[in-house]
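Report on the following structure.
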Amino acid sequence: MLELLDAWLLAPLDYGFMQRALVAGLALSLAAPPLGVFLMLRGMSLIGDAMAHAILPGVALGFLFAGFSLPIMSLGGILSGLLVAVLAGSVSQMTGHREDSAMASFFLISLAAGVMLVSLGGSSVDLTHVLFGSILAVNTTALLLIAAISSLIVVALAVIFRALVVECLDPLFLRGQGVRGGLVHGTFLGLVVLNLTAGFQTLGTLMAVGLMMLPATTARFWSQRLEGLIGIAILVALVASSGGLLLSYHLNLPSGPAIILLAGAGYLLSALLGRHHSLLARYRRRAAPLGAPEPD
Amino acid sequence: MSRLQLEDLTLARGGRTVLEHLEGRFQDGAVTALVGANGAGKSTLISAIMGMLRPVAGRVACQVPKERRAWLPQQLALDLTFPMSVEELIMTGTWPSHGALKGYCAAHYRRGREIMARLGISHLAHRQLGELSGGQRQRALIGRTLMQEAELLLLDEPFANVDVETVDVLMEVLRDMARDGATLVVVLHDLEQLSRLADDMLVLAGGHGRWASPESLLERYAGQPPRAPRLPLTFPDTLDAGTA
């Protein structure tokens, strides 16, 4: 039994690339889910997806200029992500259109521009790498970058936490207190971009969102409190990233999709069996007789 | 003295003038009812008083510091499904002194509990906002303004979707705030509530504002049942004829 556990859980970690991949996954799992929880609570679940596309042209430009250098590609990604966020924000403010429509337009432009740039400069193998990442190719530089960005996000989120909570509930309250309207929102979007850039090396630009949103939407079925949501989301992400990595090692699967599919399985299971709003919870509520104590 | 004054104020929204040449002073330590039909410019005026809308001409002279001004929008404007407990909501009222980072100390929690007791929501302290009734939420939101020690309080239909008992509690709390010197501006549509709460009245209609005593409006509608019709949308002309 112990031998089996050892063979399944520990033996893969004898390899340097697995160690680095695991640490990278765990670092991302601490930073991404809290952002996902806030995106979900603000009704912006799909904004993460849009931002993920928005970082693509920057990553591609970095790739064209510097080859496969993670720091340069990340820098490009951050810049283009922020640019799209700012453009979308100002277009929606100027025109009065909703921010998501501006965001949708810009992310489609970015996606097309990014794919065009990558194809101009490289092969389809490169494109696949940028789009879907490869957690097993994380080197020490990449690991340091991912760990640094993740730490920065956790600290920054702690600093703006109260402001973010107040703003989600009642944006006018903060404005009334003299906090500039876009400041908290902009910082938050900036953190989302940072997180996606940290995630693209391991999961690819498209799937980096998965580690952000799926744990958050899963947590919704288990807790109704903010602390609970964040805690559970982090837990789900930790399990999914390490479990997915091991699965991909043993079954010879691509690591990114394995991680996200594991998180996805957690979501579906929670939708069936979770404590709140799940199918099971609904069934139970309906079956409870009148006068029975309310489940909390 | 009056800490809130309108001086030849003209306001516009989206390129359309909403209010013109507003003049007058809101009494300190009193409740001023803001009355007008939908679209008459009540929210626009409130935005300008909060300093969120720049006047086209004239100015709002407000001596209350920004952090002591509180605006309670209609409940519909707030995302009350956000996971937050009543106590947490009330504690966010400490923003002027605590900002984004400073931790709450025991004294503030004690004050929070006193406020909840006064509003009759102590038993709901750890309930989530999403689980509350309209009346309970409104009590919690007023609790936040008490925590904020607001000296200028702007309320947009605070008694909409609120049970009768809550209306009584809140009216008492608001009267107490006025007695302690706060300036209150309340958007109201209900004659009975107006008669119980308001000391003064600003009527907005046709892009202009007229100050009147609540009594003048009540006299005009003396024969009507107290709660039923909401303030008729055509009243400004008749009121004008009545007071002239």
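We did not get these values from a lab; they are worked out from the coordinates using the rules stated. Treat the numbers as computed from the prediction; the structure is a model and nothing was measured. Please note: Cβ atoms are built from the backbone with ideal geometry, for glycine as well, and neighbour counts cover all protein chains shown.
Quick look at the values:
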| quantity | calculated |
| --- | --- |
| Mean Cα-pair separation over length for region A:2-282, i.e. relative contact order, pairs under 8 Å, 6 or more apart, % | 26 |
| Dipole magnitude (debye, nearest 20) for region A:85-219, charges at Cβ of Lys, Arg, Asp, Glu | 200 |
| Range of Cα positions in the protein assembly as shown per principal axis (Å), largest first | 90, 58, 41 |
| B:Leu19 long-range amide H proximity, modeled H, under 5 Å | B:Leu11 |
| Length-normalised contact order of chain B in % [C-alpha pairs under 8 Å, at least 6 apart] | 27 |
| Between region B:162-195 and region A:157-176, the alpha-carbon center distance in angstrom | 27 |
| Cα-centre dipole for region A:2-282 with unit charges at Cβ (Lys and Arg positive, Asp and Glu negative), debye to 20 | 620 |
| FRET efficiency, B:Arg175 to A:Leu152 (Cβ-Cβ, R0 51 Å, nearest 0.05) | 0.55 |
| Which of B:Thr81, A:Thr187 has the fewest Cβ neighbours within 10 Å, and the rest in rising order | B:Thr81, A:Thr187 |
| For region B:100-206, Kirkwood radius (reciprocal of mean inverse C-alpha pair distance, Å) | 15.0 |
| Electrostatic dipole magnitude of the protein assembly as shown [Cβ: Lys, Arg +1; Asp, Glu -1; Cα centre; debye, to 20] | 340 |
| FRET E, pair A:Leu269, A:Trp8, Förster distance 30 Å, beta-carbon r, rounded to 0.05 | 0.90 |
| Separation of alpha-carbon centers, region B:10-85 and region A:187-255, rounded to whole Å | 43 |
| Candidates B:Pro65, B:Pro96, B:Pro158: whichever shows maximal mean-square fluctuation once chain B is modelled as a Gaussian network with Cα springs under 10 Å | B:Pro65 |
| Choice from A:Gly43, A:Gly58, A:Gly243 with maximal GNM fluctuation in chain A (Cα, 10 Å cutoff) | A:Gly43 |
| Highest-fluctuation residue, A:Leu144, A:Leu172, A:Leu273 considered, GNM on chain A with Cα pairs under 10 Å | A:Leu172 |
| Region A:77-106 versus region B:88-158: alpha-carbon centroid distance in Å | 35 |
| Cα-based helix-to-principal-axis angle, B:106-118 vs chain B, degrees rounded to 10 | 50 |
| Which of B:Met171, A:Met212, A:Met103 has the fewest Cβ neighbours within 10 Å, and the rest in rising order | B:Met171, A:Met103, A:Met212 |
| Rounded to whole Hz, the Karplus (6.51, -1.76, 1.60) HN-Hα couplings of region A:159-168, x for glycine and proline | 5, 8, 3, 4, 4, 5, 4, 4, 5, 4 |
| Region A:190-196 - phi-based ³J(HN,Hα) in whole Hz, Karplus 6.51/-1.76/1.60, Gly and Pro as x | x, 5, 4, 4, 4, 5, 5 |
| DSSP-defined beta bridges in the protein assembly as shown - what % are antiparallel, rounded to 5 | 50 |
| Longest site-free stretch - chain A; sites: trypsin sites (Lys or Arg not before Pro), DSSP loop, at most 13 other Cβ within 10 Å | A:181-296 |
| Chain B - convex hull of the alpha-carbon atoms, volume per residue in Å³ | 132 |
| Table column - 3J(HN,Hα) (Hz), region A:85-99, Karplus curve with 6.51, -1.76, 1.60, x for Gly and Pro | 4, 5, 4, 4, x, 6, 4, 5, 5, 5, 8, x, 6, 5, 5 |
